[in-house]
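Asks: Below you'll find the structure I mean.
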Amino acid sequence: MSYDLVLSGGHVIDPSQNLDQVADVAFSASKVARVGPGLAKDAKEVRDVSGHIVTPGLIDLHTHVYVHGTSLGIDADEFCRTSGVTTAVDTGSAGPGNFMGFRKHVIERSAVRILAYLHVSHAGIYGFSERVMVGESEEMRLMNPIEAVEVADANRDVIVGIKVRVGKHSSGTSGTAPLDIALQVAEEAGMPLMAHIDHPPPSYEEVVERLRPGDVLTHAFRPFPNAPVTPQGTVKQVVLAARDRGVYFDIGHGKGSFSFKTARAMLANGFMPDTISSDVHILCINGPAYDQVTTMSKFLCLGVDLKEVIAQSTVNAGKVLGRTELGSLRPGSPGDASILSIKEGRFDYVDVVGEHLEGDKRIVADGTVVAGKMFHAREGVRFAA
């Protein structure tokens, strides 16, 4: 059998198959063809990735990539080139009133895969910039449940769920009312919900107790106020109950939603996030979030095992999305892969409240394969045959 591309000699880590070994990864017809030894001899193109880690294509479960359509949007292709991401999940940048523009002008033109949670608010997250901060869920007249169901149903190939943002900054004094509307939309559409939370009101408890199995709470490791831990450093019982019934907990780092203090407490209690995501947008791409691999690096430096960090950015995210073909190098899976390396040294990491952590490791994105073709190699990295 002849392969279109083979990544040769890399350290393959694929939690979906419990792979942790040196092997070749072969691609044909935009799919993963095989993982194993000695595949390079049958390839049209060979890239030597010895000394690098090869994983399934990284999935960033929380991004904002409606570039030029919203003030928060970044360019997905540019971001993915430098962060090792092959699937960017946009979380509510667009609502039913402007989703088709997002689909036509961004999603369908992107070289990397973009999936989306549709916002229940008519125009999505439209009022956030350096100068303007207007919470879209604060104005209840913008809630558009009927059209949200219609748009979600008509775009099931790219829409994976419904998004809502609640909290002082995103819903003002509306409390849980936008969340309750969004839950009705998700139920009617037969889709999961992703809920954003920031400062109260509503409380962390009020939000998480409403979520159903398969729903996602993003910003799950946020700082006080509305943190998931008690003042005594234990995980709140409502959080444990939500996990037991199948609610997923996503990081969604962003500009204001991840603290080392909360993360240390959660990890000390054995509470791992289900997924690691950056919540990258124009206001945090230059810090403190930066990108997916930086967010992953923070967890690596907090003591989380590398394989677990990779699982939280690949197979776990695919499960949350209901797209288990993603986040895996199983033969027949989409032909996406990330080529990474672990640099050792002294690296400064910062969270959203300004706490610095000096870490001894950094995950670096060296290259990506998208749809079975080499999409990007970091400057200075050749992967010569």
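The values are calculated or read from the model by the stated rules, or taken from the named source; none is laboratory data. Small disclaimer: the values here were computed from a predicted structure and weren't measured. Every residue, glycine as well, gets a Cβ built from its backbone with ideal geometry; the counts of neighbours run over all protein chains shown.
Asks: Check residue 103 against each of (1) closer than 24 Å to residue 125 by Cα; (2) of a type outside the set (A, V, I, L, M); (3) at pLDDT below 95 and name the one condition it does not meet.
Replies: It is condition (3) that residue 103 fails.
Asks: Run down 88, 94, 116 and say which single residue is in the same structural domain as residue 297 (by TED's automatic domain parsing), in a loop (DSSP other than H, G, I, E, B) and at pLDDT 95 or above.
Replies: None of the others qualify; the one that does is 94.
Asks: Looking at (1) closer than 24 Å to residue 341 by Cα; (2) surrounded by fewer than 18 Cβ atoms within 10 Å (Cβ to Cβ), which one does residue 10 not meet, given that it meets all the others?
Replies: In the conditions (1) closer than 24 Å to residue 341 by Cα; (2) surrounded by fewer than 18 Cβ atoms within 10 Å (Cβ to Cβ), residue 10 misses (2) alone.
Asks: For residues in segment 46-81 being more than 19 Å from the chain's Cα centre (by Cα) and charged (D, E, K, R), which is farthest from residue 109 (Cα to Cα)?
Replies: The qualifying residue farthest from residue 109 (Cα to Cα) is 48.
Asks: What pairs come out if I take residues in segment 180-200 that are under 16 Å from residue 217 (Cβ atoms) and pair them with residues that are among the basic types (Lys, Arg) and in a loop (DSSP other than H, G, I, E, B) whose C-beta lies under 7 Å away, six or more apart or interchain?
Replies: 183/210; 197/222
Asks: Report yes if some residue within segment 197-207 is assigned by TED's automatic domain parsing to the domain that holds residue 62 and within 19 Å of the chain's Cα centre (by Cα); otherwise report no.
Replies: Yes, segment 197-207 contains a residue that is assigned by TED's automatic domain parsing to the domain that holds residue 62 and within 19 Å of the chain's Cα centre (by Cα).
Asks: Checking the structure you have, find out if any residue of segment 303-310 is touching a residue at least 60 places away in the same chain (Cβ under 8 Å), closer than 23 Å to residue 48 by Cα, surrounded by fewer than 20 Cβ atoms within 10 Å (Cβ to Cβ) and among the hydrophobic types (A, V, I, L, M, F, W, C).
Replies: Scanning segment 303-310, I find at least one residue that is touching a residue at least 60 places away in the same chain (Cβ under 8 Å), closer than 23 Å to residue 48 by Cα, surrounded by fewer than 20 Cβ atoms within 10 Å (Cβ to Cβ) and among the hydrophobic types (A, V, I, L, M, F, W, C), so the answer is yes.
Asks: Of (1) more than 19 Å from residue 278 (Cβ to Cβ); (2) among the aliphatic types (A, V, I, L, M); (3) in contact with a His (Cβ under 7 Å, 6 or more places away or on another chain), residue 371 satisfies all except one. Which?
Replies: (3)
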